[in-house]
Amino acid sequence: GFPVWGRVGGPGSGDLARVLDCGAAGLIVPHVDSEADARRIVRACRFAPLGARSIPGPIPGLGYAVLPARDLCAAAGRCATIAAMIESAEGLDAVETIAAVEGLDMLVIGTNDLADDLGLRGQPDHPEVRTAFRRIAQAAADHGKGFGVMGLPPQLIETHAQDAGLIVATNDTNLLVEGGGALVAALRG
């Protein structure tokens, strides 16, 4: 019952559309620092006329249904959420123009990298980081985009993510390490 989202290496990744073709319900693209980065993502992930994504064969997100190209593109386009991560001072400076790019659905903050790039490593609770969160959330709202956060400590969710429609609480590596550690501790206890 949980949608699977994929995360690629950045706007220049050759796997942008591939992740969607493999069935991801959403795509999170880190290190989106400019309007040009955002446009590159849309070009790779959206079908014409908005983008230039290649027409895939039957895809998991549509139950591998064999559909005419027009129907396949329409359905595949509707079921893919494209999120741009804002996690640098450069991205923060350009957030309003990034948010204005048609074809992006959401802005997601990369908490740790954003704090680090603002010179506030390990300080996601710093007022300057909180101000950056508000600016990004406002840019998303002003352009009809969703807003999400990633890497936010649980104790800061209430203060930093009130407007977030997506909260990435952890990732697969942390789940495995923490779950494995808890199991070993329980077995040893």
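Sorted largest first, the principal axis extents computed over the alpha-carbon atoms of the stretch 126-178 equal 38, 25, 14 Å. Model label points for GLU35 and GLU102, set 7 angstrom from Cα along the Cα-to-Cβ axis, are 1.4 nm apart.
When a/c is below 1.5 the answer is rounded, else prolate if a/b is larger than b/c, else oblate, so apply that to the stretch 17-69 with a ≥ b ≥ c taken from the square roots of the Cα gyration tensor eigenvalues. It is oblate, given that a/c is not under 1.5 and a/b is not larger than b/c. For every other residue with a beta carbon closer than 13 angstrom to the beta carbon of GLY165, add +1 if it is Lys or Arg and -1 if Asp or Glu, then tell me the sum. Neighbourhood net charge equals -1.
Rounded to the nearest 500, the 222 nm mean residue ellipticity of the chain from helices alone is -12000 deg cm²/dmol, with -39,500 (n - 2.57) taken per DSSP H run of at least 4 residues. Ordering MET106, MET85 by accessible surface, largest first, gives MET106, MET85; the 1.4 Å probe counts only protein heavy atoms, with every chain in place.
The 1.4 Å probe gives accessible areas that order HIS31, HIS160, largest first, as HIS31, HIS160. Packing-based ranking of 112-124, 172-184, 47-59 yields 112-124, 47-59, 172-184, ordered from highest to lowest mean Cβ neighbour count within 10 Å. Rounded to the nearest 10 square angstrom, CYS79 shows an accessible area of 50 square angstrom against a 1.4 Å probe. Taking every alpha-carbon pair under 8 Å whose residues sit at least 6 apart, the stretch 95-165 reaches a relative contact order of 38 percent.
Sorting THR131, THR111 on solvent-accessible area from highest to lowest, probe radius 1.4 Å, gives THR131, THR111. With a simple spin-label model that places each label point 7 Å from the Cα along the Cα-to-Cβ direction, the separation between GLN155 and ALA169 comes to 1.8 nm. Rolling a 1.4 Å probe across the protein heavy atoms gives the stretch 95-174 an accessible surface of 50 Å² per residue. Taking ARG18, ARG39, ARG70 in turn, the Gaussian network model of the chain (Cα-Cα springs below 10 Å) assigns the largest fluctuation to ARG70. Counting protein heavy atoms only, the chain has 54 percent of its accessible area on carbon and sulfur, 1.4 angstrom probe.
Dividing the Cα radius of gyration of the chain by 2.2 N^0.38 Å, with N the residue count, gives 1.10.
Cβ-Cβ distance of ASP15 and ARG188, R₀ of 35 Å, FRET efficiency by 1/(1 + (r/R0)^6): the value works out to about 0.30.
The values are calculated or read from the model by the stated rules, or taken from the named source; none is laboratory data. These numbers come from a predicted model, not from an experiment. Methodologically, a virtual Cβ is constructed for each residue, glycine included, from the backbone with ideal geometry; neighbour enumeration extends over all protein chains shown. The area values use the complete protein model at the heavy-atom level, side chains included, leaving out ligands, DNA and RNA. Shrake-Rupley method; radii C 1.70, N 1.55, O 1.52, S 1.80 Å.
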